[in-house]
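Here the structure comes first, spelled out in structure tokens, and everything after it is commentary.
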């Protein structure tokens, strides 16, 4: 039964012609990550945080990329909790725009405070805008996420700006 599906799939993969975008190098980005937690929910208190985020994106085709990123931020409140926010995403480039590129990104990740509670997996869906320069691009994005806690959902709203190499 398994061979009935595995052999045609293997034949398809071996004969597939790669997209020209798959030969493009990975894009690496680094930027500022500002997090806002607007309301108390479960173990997570409302706060604002500031940190950095790095991302690597691999083109699948001209309109789609797969990405992995990691943000490290600290709360600006008196408790100064450090939080990691890893994510895996799919990025879809939208048509149009002569001097800029708009995109939608969505996927899964985690919200991991290094002290206190409130850790959990996340689901995110956001919007971004990239402005190409000569060798790099500037990006700006908002990427709201739902943190799935043990007894409550928490909304985290990151605003990001940075450079894509």
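Readers should treat all values here as calculations from the given coordinates under stated rules, not as data from a laboratory. Computed from a prediction, not measured in an experiment: that's the story for all the values here. We place every Cβ from the backbone using ideal geometry, glycine too, and count neighbours over all the protein chains shown.
In a GNM of the chain with a 10 Å cut-off on Cα contacts, which of 136, 85, 154 has the highest mean-square fluctuation?
Residue with maximal mean-square fluctuation among 136, 85, 154: 136.
Please state, to two decimals, what the Cα-based radius of gyration of region 21-164 comes to when divided by 2.2 N^0.38 Å (N = residues).
1.07
Eigenvalues of the Cα gyration tensor times 5, then square-rooted: what semi-axes does that give for region 106-165, in whole angstrom, largest first?
29, 12, 8
Between the helical axis of 2-15 and the dominant principal axis of the chain, each derived from Cα atoms, what acute angle in degrees is found, rounded to the nearest 10?
Taking the Cα atoms of the chain, the angle to 2-15 is about 80 degrees.
Compute the length gained on full extension between residue 134 and residue 70: take 0.36 nm times their separation in residues and subtract their Cα-Cα distance, giving the result in nm to one decimal.
Roughly 20.4 nm would be gained on extension.
Using a Gaussian network for the chain with springs between C-alpha atoms less than 10 Å apart, which of these wobbles most: 62, 145, 36?
62
For n ≥ 4 DSSP H runs only, could you compute -39500 (n - 2.57) per run for the chain, divide by its residues and tell me the 222 nm figure to the nearest 500?
Mean residue ellipticity at 222 nm (helix-derived): -2500 deg cm²/dmol.
Going 7 Å from the Cα of residue 79 toward and past its Cβ, which residues in region 105-119 have a backbone nitrogen under 18 Å from where you end up?
111-119
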